[in-house]
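Asker: After the structure tokens below, expect a handful of questions from me.
The values are calculated or read from the model by the stated rules, or taken from the named source; none is laboratory data. Since this is a predicted model, take the numbers as computed values, not measurements. Note that each Cβ is placed from the backbone with ideal geometry, even for glycine, and that neighbours are counted across all protein chains shown. SASA here: full protein model, heavy atoms, side chains in, ligands and nucleic acids out. Shrake-Rupley method; radii C 1.70, N 1.55, O 1.52, S 1.80 Å.
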Amino acid sequence: MNNPVKAAALVLALSGVATLAQAEAINVPAPDFTLESRAGDNIRLEDHRGEVVMLNFWASWCGPCRQEMPLMDDLYGRYQDLGFTILAVNVDENRGEALRFLDKVPVSYPILYDPESSVSELYEVPAMPTTVMIDRDGNVRYIHYGYKPGYEDEYEAQIRELVRE
């Protein structure tokens, strides 16, 4: 098992952590990637070193994503000035589906496109949405699978912890 994110996810799965996976023991390097953004430029994860990054994998057909994304946009607005960003990776094969979704659920944070799911495979994403919290040093610190109302409180607590480090 060469992928540190996969290894961390396996440890979580074996420890009995179910729908909301979080473990303070996770501290593995986040695999770097480059994807095209909605604005048309290429975004590289490594270029965000020094920031706290919420990496969120989502799809247009994902009902929980529709609930979660406006709440994440609120977090983005509140913590962006403290060195926090969100990179939302869309996995739809057809970009038009993602754009129609974003017309109904507008957000201000960067949207990246992964139509071949290469980055979601790199991160061993098992479900939509999957959220990975990355610290300023580029290490995965928390992983969340799925979304249920209230998870945004966990996200905020983790963001606050990580921006203080």
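Asker: Say the dipole of the range 108-165 comes from +1 at the beta carbon of Lys and Arg and -1 at that of Asp and Glu; which of 131, 157, 142 then lies farthest toward its positive end?
Answerer: After comparing all options, I get 157.
Asker: Let me ask something additional. Heads up, I need the accessible area for residue 78: 1.4 angstrom probe, whole protein in place, Å², nearest 10.
Answerer: Roll a 1.4 Å probe over it and residue 78 shows about 130 Å².
Asker: How big is the Cα convex hull of the range 108-165 in projection, averaged over all directions, in nm²?
Answerer: The number I arrive at for the range 108-165 is 4.9 nm².
Asker: If each Cα of the range 73-128 is one equal point scatterer, what is log10 of I(q)/I(0) from the Debye formula at q = 0.19 Å⁻¹?
Answerer: The Cα Debye sum returns log10 ratios of -0.77.
Asker: To continue, here is another question. Considering just Cα atoms, how many Å³ per residue does the convex hull of the range 13-165 enclose?
Answerer: Hull volume normalised by residue count: 105 Å³.
Asker: Expressed as a whole percent, how much of the Cα-Cα distance distribution for the range 25-81 exceeds 16 Å?
Answerer: For the range 25-81, the fraction of Cα-Cα distances above 16 Å is 59 percent.
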